[in-house]
Amino acid sequence: MTYESAKAQFADWGVDTEAAIAALTQIPISMHCWQGDDVAGFEARTGTSGGGIQATGNFPGRARTPDELRADLDFAYGLLPGKHRLNLHAMYMDTDETPDRDEIEVRHFQPWLDWSQTSGVDLDFNPTFFAHAKADDNLTLAHPDRGIRDFWIEHGKRSREIAAAFGAAQGNACVNNVWVPDGFKDTPVDRITARRQLEASLNEMLAPEQDPARMRDAVESKLFGIGVEACTVGSHEFYLGYAIRKGTLLCLDMGHFHPTENIADKLSAVALSVDELLLHVSRPMRWDSDHVILQSDDILQMAQELVFSGLLERTRIGLDFFDATISRTAAWVIGTRNMQKALLRALLLPQDALKSAEHRLDHNARFIMTEELKDLPFGVVWAEVCARHDMPVGRALMAELDAYQASVAARG
Ligand code: RNT
Ligand code: ZN
């Protein structure tokens, strides 16, 4: 089918494909650096990821150095229509020095800044509160030991400064997302002390004022992780309240809730109380497994909520998945494209007609429409987007992904 006939089919429903394409290419996705190397990072001094997150698998081609990671990123961004961002973790520092986490400065990330300037990919940032001896108790900002808390508070402060420096260099706000693994393997008897401790540490960390034009703070909740099955200190309720009171962004990671919860449903609810949202779009399978996102119902609903609830302007879309059983670059490209495809599908729906059926309680019309609309040629419009950016789809995409994978497969 040609784009012109697809365009006519959408027009028949009152949908302007050109407007949808224009809107889609304005939506940046903050792609996470950590899919490229299985969340290992480039610090000289620390070890495995820890914190209850784990990439499993040993498919060849993992990036082992910052240069390899940047080469892989260049390849991946080259297959993503639109202008996107990179979400960098502190453990991805690129320096000959060996700063501990409480010693990091923007100079330790200079090669990333240089790459950002030349590639035009703006940066977001994350302090790394895991994969470190001082996080081995699965307690960081909520640790009972003042010295350990101070260490992590300092790390958090420095991360905010680095984020602000990134923001100043790129001319738009860098989001600095705080996720801490803090929790208990077995049922704690004093949850409130741990939560007060986390709150106090966060307050200290966020106390130095930063220009919101340069950096914004986000906080990410979690339900449980491996090793912290009984209680996570920074739960959803904890951070929802915190974000409302402190005016930070609230980060919703799709893997951080009970498996049957609908994360898309949460957006409109929390958007009434928090100004800005950050998403970690992910795919949990039975637990917070961080599978690469598919064009699954969860993702389609998430995208539809963003579009239909008018939340795109105040939501930063970040991704959070890591699969080491497949090509890292294919995971990035397919996963990020799936987010874009989901957004495109939402943008190609006759929003007014659907809403008006619901508003007049015509659930029958809404039902017929939602099902009939599923047969529209969304893929043809996506192929047109890619063609306009001179990017492949289908078998041609597969050939490019395979060729790149073959070129990195010999990495040790
Ligand atoms: C962990 C959180 C967190 C991490 C990254 C690496 O459960 O989802 O966002 O995945 O910071
Ligand atoms: Zn996350």
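The values are calculated or read from the model by the stated rules, or taken from the named source; none is laboratory data. None of these values were measured; they are calculated from a predicted model. Here the Cβ is made from the backbone with ideal geometry for all residues, glycine too, and neighbour counts use every protein chain on show. These accessible areas exclude ligands, DNA and RNA; they are computed on the full protein's heavy atoms, side chains included. Shrake-Rupley method; radii C 1.70, N 1.55, O 1.52, S 1.80 Å.
Summary of computed values
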{"item": "Label-point gap, in nm, between L272 and N203 - each point 7 angstrom along Cα→Cβ", "result": "2.8 nm"}
{"item": "Computed over the range 277-412: relative contact order in percent, which uses C-alpha pairs under 8 Å that are six or more apart", "result": "23 percent"}
{"item": "Y239 accessible area, assembled protein chains, probe 1.4 Å, Å²", "result": "0 Å²"}
{"item": "Lys/Arg +1, Asp/Glu -1 at C-beta; the range 332-378 dipole; positive extreme among A346, A357, M369", "result": "A346"}
{"item": "Surrounding net charge for L401, when Lys and Arg each add one and Asp and Glu each subtract one, Cβ distance under 15 Å", "result": "-2"}
{"item": "Rg in Å to one decimal, and Dmax rounded to a whole Å, for the range 337-412 via C-alpha atoms", "result": "18.6, 62"}
{"item": "Extent along principal axes [Cα atoms of the range 206-362; Å; largest to smallest]", "result": "46, 41, 33"}
{"item": "Once the Cα gyration tensor of the range 231-276 is diagonalised, semi-axes √(5λ) in Å", "result": "17, 14, 7"}
{"item": "Student exercise, the range 1-122 dipole from Lys, Arg, Asp, Glu Cβ charges, in Debye to nearest 20", "result": "280 debye"}
{"item": "The range 165-266 - Debye-derived log10 I(q)/I(0), Cα point model, q = 0.14, 0.19, 0.22 Å⁻¹", "result": "-0.60, -0.98, -1.18"}
{"item": "Label-point separation in nm, W287 to V189, each point 7 Å along Cα→Cβ", "result": "2.7 nm"}
{"item": "Computed accessible area, R214, all protein chains, 1.4 angstrom probe, square angstrom", "result": "110 Å²"}
{"item": "Alpha-carbon Rg/Rh ratio, for the range 1-52, with Rh computed the Kirkwood way", "result": "1.41"}
{"item": "With all protein chains modelled, accessible area of E229 [1.4 Å, Å²]", "result": "80 Å²"}
{"item": "Estimated dipole of the chain in Debye, rounded to 20 [Cβ of Lys and Arg +1, of Asp and Glu -1, Cα centre]", "result": "220 debye"}
{"item": "Heavy-atom surface of the chain, accessible at 1.4 Å and reported per residue (Å²)", "result": "42 Å²"}
{"item": "25 °C / 0.890 mPa s Stokes-Einstein diffusion coefficient of the range 285-412, Kirkwood radius on C-alpha pairs, µm²/s", "result": "145 µm²/s"}
{"item": "Positive-end residue of W382, Q117, L272, charge dipole of the chain with Cβ unit charges", "result": "L272"}
{"item": "Residue among K355, K185, K157 with the largest mean-square fluctuation in a Gaussian network model of the chain, springs linking Cα atoms under 10 Å", "result": "K355"}
{"item": "For the range 86-142, Kirkwood radius (reciprocal of mean inverse C-alpha pair distance, Å)", "result": "12.5 Å"}
{"item": "Size of the range 267-349 as Cα extents on the principal axes (Å, biggest first)", "result": "39, 27, 20"}
{"item": "Distance from the range 286-309 to the range 335-412 (C-alpha centre basis), Å", "result": "13 Å"}
{"item": "Size-normalised alpha-carbon gyration radius of the chain, reference 2.2 N^0.38 Å", "result": "0.99"}
{"item": "Compactness of the range 43-94, expressed as Rg and Dmax over alpha-carbon positions, Å", "result": "13.2, 37"}
{"item": "Convex hull of Cα atoms in the range 162-225, direction-averaged projection (nm²)", "result": "5.1 nm²"}
{"item": "For the range 98-209, alpha-carbon Rg relative to the globular expectation (2.2 N^0.38 Å, N residues)", "result": "1.18"}
{"item": "Portion, in percent, of the accessible area of the chain that falls on carbon or sulfur, probe 1.4 Å", "result": "51 percent"}
